[in-house]
């Protein structure tokens, strides 16, 4: 089961995130095999926070030239986006409580991701729709370095929305099969 979950996330990362250039910072660490994809089989928030803590520690204890970032897939809970979104509040508190603020941050991706003030079928939501609920652990120092060398960071979200809007129905079905199954 874990192999399939990891393969799903890897395919999404390669074909959607990198393939559509949604994150201009992802291709290099992926090509250099510095992206960890882990699976949490937690069934409670406490157990998931424990798994997240282990991944935060692993990332903090490993040099960036060996491990840049981690994607933690959550196949056994938080299927409902509202529950997932509520859990992100606990993640923020966790990061603050354990002193990770300023060092690591967590970005969110979910099969039913929906930005505030959008409809569920708005194309822009596809930018954050992953095959499984994910917690993406990012090194703030690496992010800051990448942003320094990117000409228009503020334009990335709008550019990504335009990319999603430009996809035809066949492309959407191919890139997001988990949404049409």
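The values are calculated or read from the model by the stated rules, or taken from the named source; none is laboratory data. As the structure is a prediction and not an experimental result, all values here were calculated from the model. Here Cβ is always computed from backbone atoms with ideal geometry, including for glycine, and neighbour counts include all displayed protein chains.
Structure summary
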read-out	value
Subset tally (residues that are over 20 Å from residue 64 (Cβ atoms) and in a loop (DSSP other than H, G, I, E, B)) for segment 1-30	5
Given (1) over 15 Å from the mean Cα position of the chain (by Cα); (2) under 25 Å from residue 29 (Cα atoms), index of the condition residue 132 fails	(1)
Residue in segment 136-150 that is surrounded by 14 or more Cβ atoms within 10 Å (Cβ to Cβ), in contact with a strand residue (DSSP E or B) (Cβ under 7 Å, 6 or more places away or on another chain) and not in a strand (DSSP E or B) present	no
Test for residue 114: is it surrounded by 18 or more Cβ atoms within 10 Å (Cβ to Cβ) and either touching a helix residue (DSSP H, G or I) at 6+ places or on another chain (Cβ under 8 Å) or farther than 26 Å from residue 178 by Cβ (or both)	yes
Number of positions in segment 75-94 that are outside any helix (DSSP H, G or I), under 21 Å from residue 37 (Cα atoms) and out of contact with any helix residue (DSSP H, G or I) (no Cβ under 6 Å at 6 or more places or on another chain)	3
Residues of segment 31-48 classified as assigned to a helix (DSSP H, G or I) and surrounded by fewer than 18 Cβ atoms within 10 Å (Cβ to Cβ), total	4
Which numbered condition residue 171 fails, given (1) in a helix (DSSP H, G or I); (2) at pLDDT 95 or above; (3) surrounded by 12 or more Cβ atoms within 10 Å (Cβ to Cβ); (4) in contact with a helix residue (DSSP H, G or I) (Cβ under 8 Å, 6 or more places away or on another chain)	(4)
Unique match (being surrounded by 15 or more Cβ atoms within 10 Å (Cβ to Cβ) and in contact with a helix residue (DSSP H, G or I) (Cβ under 8 Å, 6 or more places away or on another chain)) among 68, 101, 15, 55	68
